[in-house]
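The values are calculated or read from the model by the stated rules, or taken from the named source; none is laboratory data. It should be emphasised that the depicted structure is a prediction, and the values quoted were computed from it without experimental measurement. Methodologically, a virtual Cβ is constructed for each residue, glycine included, from the backbone with ideal geometry; neighbour enumeration extends over all protein chains shown. Please note that ligands, DNA and RNA were not included when accessible areas were found on the heavy atoms of the full protein model with its side chains. Shrake-Rupley method; radii C 1.70, N 1.55, O 1.52, S 1.80 Å.
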Amino acid sequence: MNKRKRAKGVLPGFGLTMGYTVIYLSLLVLIPLSVLFLKTSSMTWEQFIDTVLNRRVIASFQVSFLTSFFAACLNAVFGVLVAWVLARYQFPGKRVIDGIVDLPFALPTAVAGIALASIYAENGWIGQWFAVWGIKIAYTPLGIFVALTFIGLPFVVRTVQPVLQDWDRQVEEAAATLGATRWQTFTRVILPHLLPAVVTGFALAFARALGEYGSVVFISGNMPLKTEIVPLLIMTKLEQFDYTGATAIASVMLVASFVMLLVINYLQWKTSKLNAARSEG
C-alpha cells in the first residue's frame, strides 16, 4: 500500500498527460505549421523558386538573419556581464535594474519601436550625437540591430543568471589557491560551466530576433533591398492577397530557423558533454 501511494503523483498517469500534451501541441504548433506547408505545396516548383529567390526576398533574408545573428552575439557577451553584476554584487537600486532587464518582455513591441526610433533618429537624444560623426542609426540596418539587441537581452540574462547564482564559489577559491589569476579563473573554470547557458540564451535571442516585427518596423525605414525584414515582407504579401507567396517565404524562414536551432542545440549538447567529461576527469 505504501508503494502504491508513493507511486501516485500530483498529476494523472503518463497516458492521460501525454495525450493532453500531444493534443495541446497539435492545436497550437503542429496543425498551424502543417497548414503552412500545405498551402505552399499548392505552388509549382518553378513558382516556389521564383518567389523565394526573388532579389527582394533574398535581400530581406540577409537583413533578418545577419542583424539577428550579430544582435544575439552582442547579447551573449553583455548579457553575461549584466547577469554577473546582478548575481555577484549588492548595490543600491539592484532590484530596479533587475526589473528593467525584464522590460522588453512586458513592453509592447510597437511602443518599443516608436521609442527607439525617436531616440535614435538624427534629432533624437542619442542619435544626434552619432549624427555629428556622420553615423545614422534610425532607418538603417544599424537601427534594426539596435532594436533586436533590445528585445533579445533578457533571454541571455535570465538564462545565465540562475547558473551564476547556483555556482559554488569555493571552486574559484580553490583555483586562486592553486595560483590562477582572475582572468584564468574566469576563462578556464567559470566560463566552461556557463557556456551551455550562454549558448541557450544566444539561441533564444536569435530565434526571437528572427521573428520580431513590431519593434523593428518603426526604426527600420522599411526600404526594399535595404532595410526590409522578412516578417514585413510576409505582411506585404498578405496585404496584396498573395497568400501562397507569403506562405512560401514563411516556410523557408521556418525551415532555416529550425535547422539553425538544431545546430545550436547540438553545440550546446556537445559543450555540456565536454564539461561533464572534464569534471569526471
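Rounded to the nearest whole Hz, the Karplus-based 3J(HN,Hα) values (6.51 cos²θ - 1.76 cosθ + 1.60, θ = phi - 60°) of the range 134-144 follow the sequence x, 9, 9, 9, 5, 6, 9, x, 5, x, 4, with x at glycine and proline. Computed from backbone phi with θ = phi - 60° and the Karplus coefficients 6.51, -1.76 and 1.60, the 3J(HN,Hα) list for the range 176-193 is 5, 5, 7, x, 6, 6, 4, 5, 5, 4, 5, 6, 9, 10, 7, 4, x, 6 Hz; x is used for glycine and proline.
Please work out the FRET efficiency for the pair Asp166 and Ile58, using the Cβ-Cβ distance as r and a Förster radius of 45 Å; give the result to the nearest 0.05.
Numbers: r = 45 Å, r/R0 = 0.99.
With R0 = 45 Å, the Cβ-Cβ based efficiency is 0.50.
Using C-alpha pairs below 8 Å separated by at least 6 residues, the relative contact order for the chain is 28 percent. Here the accessible area of the range 20-97 is 73 percent carbon and sulfur, with a 1.4 angstrom probe and all protein chains present.
A simple count of charges around Gly152, restricted to other residues whose Cβ falls under 9 Å of its Cβ and scoring Lys, Arg +1 and Asp, Glu -1, yields 0.
Applying the Karplus relation 6.51 cos²θ - 1.76 cosθ + 1.60 with θ = phi - 60° to the range 243-251 yields 3J(HN,Hα) values of 5, 5, x, 5, 5, 5, 5, 5, 5 Hz, where x marks Gly and Pro. Rolling a 1.4 Å probe across the protein heavy atoms gives the chain an accessible surface of 62 Å² per residue. Where only DSSP H runs of four or more residues are counted, the chain gives -23500 deg cm²/dmol as its mean residue ellipticity at 222 nm, each run worth -39500 (n - 2.57).
Expressed as a whole percent, the accessible area of the range 141-281 that falls on carbon and sulfur atoms is 65 (1.4 Å probe).
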